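Visitor: My questions all concern the structure below.
Bear in mind that the values in this text are calculations on the coordinates, not laboratory data. These figures come from a predicted structure and were not determined experimentally. Ideal geometry is used to build each Cβ from the backbone, glycine not excepted, and the neighbour counts take in all protein chains shown.
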Amino acid sequence: MRGSHSGDFEGGIASMANTPAICGLNNKPVSGQRAFRCGFLGVALCVFAYLAACGSAFPCPATCAADEPGKTPQVTVMIGPKAPALERFAANELSELLRKLFDARVTIATEAPARADAEAEATTLILLGSPATNPAIATAARSLPGGWPKLSDQGHLVRSVDSLPVNKPTTSPALAKHPLLLVGGGSPVATLWAVYEVGYHFGVRYLPTGDVVPAQRPAFKLAGIDRLLEPALRTRAWQTLGDHAVGAEAWSLAEQRSLIGQLAKMKFNRLVIETRAWQPFVDYSASGVRKQSAVLMHGQLYPVSGDTAGRAAFRGATLFENPDFAGRTTYAERLAAGRDLVAGLIQRAQELGMEAALLVRPLEFPREFAAALPGARVLDVPGQLAIGPSDQQSVGDAALRDIAVAQLSAYVQTYPALDALLLDVSGAETWKPSGSEGTAASIDFALKLAVEPTLTRRAGGGVRLVGLAGVDQAAADSLRTRSLPAGAVVLPSLGSSARRVAAASEWVGAAEQSLAGRSELSLPLGSSALGVVPQMQTGHLHRSIEAARKAGWRGIVARSWMAGDLAPGLHYLSRAAFDPRITPQAALTELVDSVSGEEVAPRLIKGFGLVEEATDLLDQSDAMFAEPRPDMLTKHLLARTAPPESWAKAKKNYASAMDEMYRGNTRARQGGRFFTLYFAKRFEFGLHYMTSVEALRNAGAANAAGDKAAGDKAGDGDEKRIAELEKALEALHSGLAAYADVARDPSDRGAIAVLNRHGYRVIGEALDAQ
Amino acid sequence: MVRSNLASTHFSPTGLIKRIFAVAVAFAVLASLLGVELEAPGRAEDWPQFRGVNASGVSTSASLPIEFSFQSKVKWEATLGDGIGSPIIAAGRVFNTAMTGEQRFSLFAHDAATGKPLWKRDYDTGVLPRITPPNSHASSTPASDGKRVFAYFSTVGMIAVDAATGADLWQAKLPKPAYLMDWGAAASPVVYKDTVLFCQDDDLAPYLVALDAATGAVRWRTTRNEMLAGYSIPVLCESNGRTDVVVAGSGKLKGYDPATGAERWTCNTMLRTIMTSPVVKDGVIYVAVQSYGDATRTLKFALLEWLDTNQDGILARKEVPQEFWEKFDTSDRNKDGYIGTDEIDTAFQHPANQVGGGSIIQAIRGGGSGDVTKTHVMWTLENRSPSNLSSPLVSRDRLLVVKAGGLSSCFEVADGKPLWQLSRIKNLGEYYASPIAADGKIYIAGRNGFIVVLEDGPAMKVLARNDMGNDILATPSIADGRLFIRTRDKVYCVAE
């Protein structure tokens, strides 16, 4: 143990009062003055050393000068002189990666370095592209044993070549002297994926929120790499936009562009933009009615005030909204903003080599079109914003057709760059004209629409119909033998959670090729039942993926409201789509080891497992447990029964999972703690949320007990109810405050905004009314 | 009482000197008995350190506003940068600290009345240690004697600058603190006469030091080896004819001689983790502390819960922060690379101070000698009232505490009789800041950015709830009829 004398302290005390004014340095920071003195001395020593070196048997200055540049890796990325735009972009991405990882000095060129000096010879050459796009690759391939491998249009490789055989007549002298790295694919976008695979090889991890570079810079070693990947699932789609404040509706184009960029790094190759009838993305009229609806978030407002729990998440904003729509109040203004958003999403997807598709419900119309459809049904959406056909309209109903065609044509004409259109018939199963069953009528209707000339005829060619979404298992089976437009696919809707979809794995795995071969699995990454509450279902994703791969399904269309929780699931999907052997645990370990450092993964695996269990428990107990709706919390107060036992277990799991995250956080490296801390706070929020709903249930039960025991001592039920309401309010406040500490994207802020509007304020008002 | 023959008519130089001396001594004794600080660190209206004069949290300011907000009654505001240290006010200037860059710490001076920026000093911090949110690296509150400002930063040490110009006076390197749980530094200096007192209770090498205010030279340093990490600041207690420097720490409240650092007394009633600071009034020290768990919850449980990351029930060397490896090796008696169940009890917690958790409010008479545990505790309350973060306020013979959820409790200082307990002040959330009082009002700042104003009386009465627009972790300050409120990134001056 240290002694108690002042000598223990460093003697770094400088009294500026006595500092001589030689250099006029009075009143300057102590550190600057010291730096000046040290710097001068340092330079003097260096000069002396240089002179000594030059006058001795040590290497001469010319070699000394060459040693410095040699320490910085020199790389030339060679692309074809007529390389397509995406490969040029890939080259830029690769350069940026190499600079970030190795501080490399990178040149992008179409020819090998011509200089024959030592520096040029030390340059590493990376040949990027394919034999079809890069003559250098074609040349190099001729000298390689086995040549260039056969790759599908999605296949890609990263392969080191120590050096080309110099005595082979096919070896280009320009290439012969360099170590080479081949980075390419069967198409320009596959080449881009190969670049991201280089990053992955060196420990870069691609999260929805951005890239994480390893804390320990890897050695610049491009030798010995041999990765060749072909997809096990050819379609890897991400569904965005939708219609909830907690989802992508609140994301600006800039924020979406960033996320899409990350999805591209995870090798997603299709963006599905889900739109709803009342949103401001198209304008049209039909049957004498003009569209007037142009709302987001179901037209709800989410003000942020001093009394907003977790308001720190909003950074001073007084309204939670999509910033691209701020101040846009008229229909025309909102329509313009909406068009810019969707067009921007399409452009962003395509510039990254992704297909851009729109997902539209052909039997859902803004409510103002009720005038054109006699007996139209009001659909079950918040705010009663949409209508659908009634049984009075048959599949061939002219007015129905006109409105549907007008709507779809509007999309096709407004977004001419669109690649594909998905027709979603989910929610239309209640339309049973002429006694039809299930979704038969809606499927028939959609298939008729698919061959409408107005959809297929446009400048530059018709949009490709991707297929039908939202069909249940029986309907999907029936489509096996139906004729669909060329290239169309089927997206069966098997459930609103990964668990429910996995429950159908047997059916998925047993699907005949006639169905599987043109089907894509619609895959929620979490559970819509859990809505804003922490959720993970990677184990179920694994089951579904395995079944889909086994039966030869074309791919997956993944979706989630919350990008944050699902980072591990998304990461797993992106790796499993190319590596059939990878397990969720292995994928998570690969992710966490790089992001947070070693020995963190076991804690996170354990914690995430507890959350998966909690997700299952809640998903099973209530299909709309925490779906973001106006009654999401008050329904518990009105339930008037004690909470189910499974909730106590789920709550305990959230608490234990939180502890595991904090343990992981203790061991996480400095730059990787954001990852563990996010989940720690999210799970803390989950714990408080469960406390709150339990208390609401208890308050409701006290209410019921009080009603039953009216003859008992007055006030007992009231006291209990008030105490439970206070507990509920306090727990929700604490949970939202914890969540706000780590809220980083609009979905996080949306969850906080929604819970304030439909939870915190409502409970507060209920308490004030006591 | 010293008698002096003031009535003598025989004048001689010796006699005059004796008379003058006698009067001076009498005055000093009288002042001491009345508890008057003979060398106040600044003007009476100053707020020269954390929680004001002697960290009491009480100001003599008048005409303070009841209702205000970040948009109302704001005399001036200034954007600083991230920080949770409190503003201090001395000689008409207000001083704040903030992080203004990734590795840059700044010390600001503004005119207290107008907010006019006077000067700003920047310091390169170098690589920063790990801390746990919501702590900030700029967490320490400076102190001032009116002529100089003293600011602490974990990687820089103690800085002294001229209060008027910001010119460097001296810097004293201090050992970088280390925390088993990565909480991060948050201790603050205080000024007593011509010394700067600073207590750094970390988990590695806790100590109390006195630096010469003019030169930064170490006057004395006293190790506090029995302590664990804590954040209590030194307070001064005048009792029994002398002044003691009192520090609350893990398990023990101690009094030291301010001239030498020698320990004068110890009261072994504290709990394991002490984050609140005591308050002194009329020679009595009041503490309100809460530490996780019950009396059996010694440090080893926390180590096994949070540092034993593979949860195998023993601590491996690599599970412990590197700064603690030497201590680890010493504790690893059988040298197997692990601290096992028979080694962990005393591995990082002193064997003579194996204290656990709980919740207490206590009044301890100052001026003792030796172990005063059984002799100087006037009263103790064990209830759920105290906060682990927010220090108690003693004002008008009442002791007030506030904790998470906005639950306040108030007791009479004479005997601890409760006036109200765990009553809601209608502002939920966490409370890091400590309550302060002036002008018949008590100001309580919640983390959610609201400042609740209570009437400073025997019954809980909420006068207002004021929105400052952003998180508040720093205790606000009062001087010259103004409130100075530090939100996470700004300082506001609020007045009528």
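Visitor: Give me the dipole magnitude in Debye, nearest 20, for chain A about the Cα centre, with unit charges on the beta carbon: positive for Lys and Arg, negative for Asp and Glu.
Guide: So the dipole magnitude of chain A works out to roughly 1460 debye.
Visitor: Relative to the longest principal axis of the C-alpha atoms of chain A, give the angle of the C-alpha long axis of helix A:253-265, reported between 0 and 90° and rounded to the nearest 10°.
Guide: On a 0 to 90 degree scale, this one is about 70.
Visitor: Using amide H atoms built 1.01 Å from N in the peptide plane, name the residues 5+ places from B:Met378, or on other chains, whose amide H lies under 5 Å from its own.
Guide: Hits under the 5 Å cutoff: B:Ala363, B:Ile364, B:Arg365.
Visitor: Summarise the long-distance tail of P(r) for chain A by giving the % of C-alpha pairs beyond 36 Å.
Guide: Working: 160045 of 296065 pairs.
Looking at chain A, the distances longer than 36 Å represent 54 percent of pairs.
Visitor: Please work out how much length the chain gains when fully extended from A:Asp477 to A:Arg217, using 0.36 nm per residue of separation minus the C-alpha to C-alpha distance, in nm with one decimal.
Guide: Full extension of this stretch gives 88.4 nm more.
Visitor: Moving to a separate point now. Set Lys and Arg Cβ to +1 and Asp and Glu Cβ to -1, take the dipole of region A:121-265 about its Cα centre, and tell me which of A:Pro231, A:Leu263, A:Leu127 lies farthest positive.
Guide: Result: A:Leu127, furthest along the dipole toward the positive end.
Visitor: Tell me, in nm to one decimal, what length is gained between A:Asp402 and A:Arg99 on full extension, where the rule is 0.36 nm per residue of separation less the Cα-Cα distance?
Guide: Full extension from A:Asp402 to A:Arg99 adds 103.5 nm.
Visitor: Can I ask one more? Efficiency by 1/(1 + (r/R0)^6): what FRET value for A:Thr641 and B:Gln421, r their Cβ-Cβ distance, R0 = 30 Å, to the nearest 0.05? Write out the running numbers ahead of the final one.
Guide: Values: r = 33 Å, r/R0 = 1.11.
After rounding to 0.05, the efficiency reads 0.35.
Visitor: Just to check I understand the Karplus step: with θ = phi - 60° and J = 6.51 cos²θ - 1.76 cosθ + 1.60, what whole-Hz values come out for region A:628-635, glycine and proline as x?
Guide: x, 9, x, 9, 4, 10, 5, 4
Visitor: Let me ask something else. When only alpha-carbon atoms count, how far does region A:369-497 stretch along each of its three principal axes, as whole angstroms with the largest first?
Guide: Taking max minus min along each principal axis of the Cα atoms, region A:369-497 gives 39, 35, 29 Å.
Visitor: Expressed as a rounded percentage, what relative contact order does region B:342-386 have, with Cα pairs under 8 Å and six or more residues apart? Working shown, then result.
Guide: Numbers: 35 pairs, mean separation 17.6, N = 45.
The normalised contact order for region B:342-386 reaches 39 percent.
Visitor: Here's something else I'd like to know. Checking the a/c ratio against 1.5 first, then a/b against b/c, what shape does the Cα gyration tensor give for chain B? List each step's numbers first, then the result.
Guide: On the way: a/c = 1.38, a/b = 1.20, b/c = 1.15.
It is rounded, given that a/c, with a ≥ b ≥ c, falls under 1.5.
Visitor: Restricting to chain A, compute how many DSSP beta bridges are antiparallel as a %, nearest 5. Working shown, then result.
Guide: Numbers: 22 of 70 bridges.
Bridges in chain A that DSSP calls antiparallel: roughly 30 percent.
Visitor: While we're looking at this one, here's another question. Show that you can apply the helix-only estimate: for chain A, add -39,500 (n - 2.57) for every DSSP H stretch of four or more residues, divide by all residues, and state [θ] at 222 nm to the nearest 500. Walk me through the numbers on the way to the answer.
Guide: Values: 26 runs with 341 residues, N = 770.
Only helices count here, giving -14000 deg cm²/dmol.
Visitor: If each residue's Cβ is checked for other Cβ atoms within 10 Å, how do A:Trp278, A:Trp431, B:Trp220, A:Trp553 rank with the fewest at the top?
Guide: Numbers: A:Trp278 25, A:Trp431 22, B:Trp220 19, A:Trp553 29.
Least crowded to most crowded, the residues run B:Trp220, A:Trp431, A:Trp278, A:Trp553.
Visitor: Another question, then. Using Cα pairs closer than 8 Å and at least 6 residues apart in sequence, work out the relative contact order for chain A, in percent. Mind dumping the intermediate values first?
Guide: Numbers: 1424 pairs, mean separation 78.9, N = 770.
Relative contact order comes out at 10 percent.
Visitor: When a/c reaches 1.5 or more, the comparison of a/b and b/c decides; with that in mind, is region A:157-303 rounded, prolate or oblate per its Cα gyration tensor?
Guide: Judged from the Cα gyration tensor, region A:157-303 comes out prolate (a/c at least 1.5, a/b above b/c).
Visitor: At B:Lys120 and A:Ser285, where each label point lies 7 Å from the Cα along Cα→Cβ, what is the point-to-point distance in nanometres?
Guide: 5.8 nm
Visitor: Still on this structure, I have one more. Measure nothing but the geometry: give the 0 to 90° angle between the long axis through the Cα atoms of A:716-742 and the longest principal axis through the Cα atoms of chain A, rounded to 10°.
Guide: The two axes meet at around 30 degrees.
Visitor: I've got another one for you. Shielding of B:317-330 by partners, i.e. mean partner chain Cβ atoms within 10 Å per residue? Numbers along the way, then the final one.
Guide: Values: counts 0, 3, 4, 1, 1, 0, 0, 0, 0, 0, 1, 0, 0, 1.
Going residue by residue through B:317-330 and averaging, the value is 1.
Visitor: Given Cβ point charges of +1 (Lys, Arg) and -1 (Asp, Glu) and nothing else, what value in debye, to the nearest 20, does the dipole of region A:68-229 about its Cα centre take?
Guide: Details: 16 positive and 14 negative charges, 37 e Å.
Dipole size: approximately 180 debye.
Visitor: Considering just Cα atoms, how many Å³ per residue does the convex hull of region A:68-229 enclose?
Guide: Output value, Cα hull per residue: 108 Å³.
Visitor: Amide H of B:Thr373: which non-local residues (sequence gap of 5 or more, or other chain) have their own amide H closer than 5 Å, using H built in the peptide plane?
Guide: B:Asn268
Visitor: Give me the inter-chain shielding for A:658-667: mean count of other chain Cβ atoms within 10 Å, whole number please. Before the final figure, lay out the partial values.
Guide: Details: counts 0, 3, 2, 0, 5, 8, 1, 5, 12, 5.
Rounded to a whole number, the mean comes out at 4.
Visitor: Taking the Cα centre of each part, how many Å lie between region A:298-343 and region A:506-552?
Guide: Using only Cα atoms to place each centre, the spacing works out to 34 Å.
Visitor: Using per-residue counts of other Cβ atoms within 10 Å, averaged over each peptide, order A:229-239, B:296-306, A:679-689, B:142-152 from highest down. Mind dumping the intermediate values first?
Guide: Values: A:229-239: 21.8, B:296-306: 18.1, A:679-689: 26.8, B:142-152: 25.0.
In decreasing order of mean packing, A:229-239, B:296-306, A:679-689, B:142-152 become A:679-689, B:142-152, A:229-239, B:296-306.
Visitor: Can I ask one more? Assuming R0 = 56 Å, can you tell me the calculated FRET efficiency for the pair B:Asp371 and A:Ala114, based on Cβ-Cβ distance, to the nearest 0.05? Display every interim value, and only then the final one.
Guide: Values: r = 86 Å, r/R0 = 1.53.
For R0 = 56 Å, the calculated efficiency reads 0.05.
Visitor: Find the Rg to Rh ratio for region B:365-411, where Rh is the Kirkwood radius over alpha-carbon pairs and Rg uses the same atoms. If you can, show how the numbers build up before the last one.
Guide: Details: Rg = 13.2 Å, Rh = 12.5 Å.
Looking at region B:365-411, the ratio lands at 1.06.
Visitor: Given a Förster radius of 45 Å and the C-beta distance between B:Lys173 and A:Arg142 as r, what FRET efficiency does 1/(1 + (r/R0)^6) yield to the nearest 0.05? Write down the numbers at each step before the final one.
Guide: Numbers: r = 66 Å, r/R0 = 1.46.
Approximately 0.10, to the nearest 0.05.
Visitor: Given N residues in region B:299-346, what is Rg(Cα) / (2.2 N^0.38 Å)?
Guide: Values: Rg = 9.4 Å, N = 48, 2.2 N^0.38 = 9.6 Å.
My calculation over the Cα atoms of region B:299-346 gives 0.99.
Visitor: Using Cα pairs closer than 8 Å and at least 6 residues apart in sequence, work out the relative contact order for region A:68-229, in percent. Please report the intermediate quantities before stating the final value.
Guide: On the way: 316 pairs, mean separation 40.9, N = 162.
Computed over region A:68-229, the figure is 25 percent.
Visitor: Turning to a different aspect of this structure: What are the ³J(HN,Hα) couplings of region B:254-262, residue after residue, when phi is run through the Karplus curve with 6.51, -1.76, 1.60 and θ = phi - 60°? Round to Hz, x for glycine and proline.
Guide: 10, x, 10, 6, x, 7, 10, x, 5
Visitor: Can you tell me the length gained on complete extension of the stretch A:Ser514 to A:Gln347, counting 0.36 nm per residue apart and subtracting the Cα distance?
Guide: Answer, rounded to one decimal: 56.8 nm.
Visitor: Would you please give the residues with an amide H less than 5 Å from that of B:Asp82, counting only those at least 5 places away or on a separate chain, with H modeled from the backbone geometry?
Guide: HN-HN under 5 Å from B:Asp82: B:Met99.
Visitor: Rounded to the nearest 10 degrees, what's the angle between the helix A:398-414 long axis and the longest principal axis of chain A, both from Cα atoms, 0 to 90?
Guide: Helix A:398-414 sits roughly 10 degrees off the main axis of chain A.
Visitor: Nothing charged except the Cβ atoms of Lys and Arg (+1) and of Asp and Glu (-1): what's the magnitude of the dipole of region B:299-346 about its Cα centre? Round to the nearest 20 debye. Mind showing how you got there, number by number?
Guide: On the way: 6 positive and 12 negative charges, 16 e Å.
For this selection, approximately 80 debye.
Visitor: Which residue, B:Phe484, A:Ala138, A:Leu447, has the largest displacement toward the positive end of the dipole of the protein assembly as shown when charges sit on each Cβ (Lys, Arg +1; Asp, Glu -1)?
Guide: Final value for the positive-end residue is A:Ala138.
Visitor: Another question about this same structure. Along the charge dipole of the protein assembly as shown, which of B:Ala438, B:Pro175, A:Ala626 sits closest to the positive end, that is, farthest toward it, with unit charges on the beta carbon of Lys, Arg, Asp and Glu (+1, +1, -1, -1)?
Guide: Of the candidates, B:Pro175 comes out farthest on the positive side.
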